[in-house]
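Notes for the one structure printed next.
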Amino acid sequence: MHKERYSLPEETCRAIHACRQRGGRVIAVGTTTVRALESAERSIGITPTSSIEEDTNIFLYPGAEFKVVDAMITNFHLPKSTLLMLVSAFSTQKNIMAAYQHAIAEHYRFFSYGDAMFISA
């Protein structure tokens, strides 16, 4: 899995903490956001006063436990990619493959500038 640099400002950490306190769901937009939030929680822990800037090489695949993110919005990723593994971790490989079959049948646009999907853990 490739390494990515991320920055998680204190304001965002406060918002995540407040969301959790009121029983809300954290919904990430994009796989980089998922990786950043999950990596921050695992390496330092997200608290209301956290401000985190670091690199992540976290590899999330089926069986992974998500500690921060409850749902995500992302595009359809390339077959056999690490990002397809990440989205499969949120659901099941069977569900993701069914979504891909539907997308192909309906002529969805794939990759970076295509249609998106909402996945809930």
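Please treat every number below as a calculation from the coordinates, not as lab data. Just so it is clear, the structure is predicted and the values come from calculations on it, not from any experiment.
The figures follow:
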| quantity | calculated |
| --- | --- |
| Diffusion constant of the range 4-120 at 25 °C, which comes from Stokes-Einstein with the Kirkwood Cα-pair radius and 0.890 mPa s, µm²/s | 164 |
| Degrees between helix 31-43 axis and first principal axis of the chain (Cα, 0 to 90, nearest 10) | 40 |
| Amide hydrogen neighbours beyond the local backbone of Ala28, cut-off 5 Å, H modeled | Asp70, Ala71, Met72, Ile73 |
| Percent RCO, i.e. relative contact order, over the range 4-120, from Cα pairs under 8 Å lying at least 6 residues apart | 29 |
| Gained length - Tyr108 relative to Gln21, 0.36 nm times residue gap less alpha-carbon distance | 27.6 nm |
| Rounded to 10°, Cα long-axis angle of helix 10-21 versus longest principal axis of the chain | 80 |
| Hz values of 3J(HN,Hα) by residue in the range 64-74 - Karplus curve (6.51, -1.76, 1.60), Gly and Pro given as x | 5, 9, 8, 9, 10, 7, 9, 7, 8, 10, 8 |
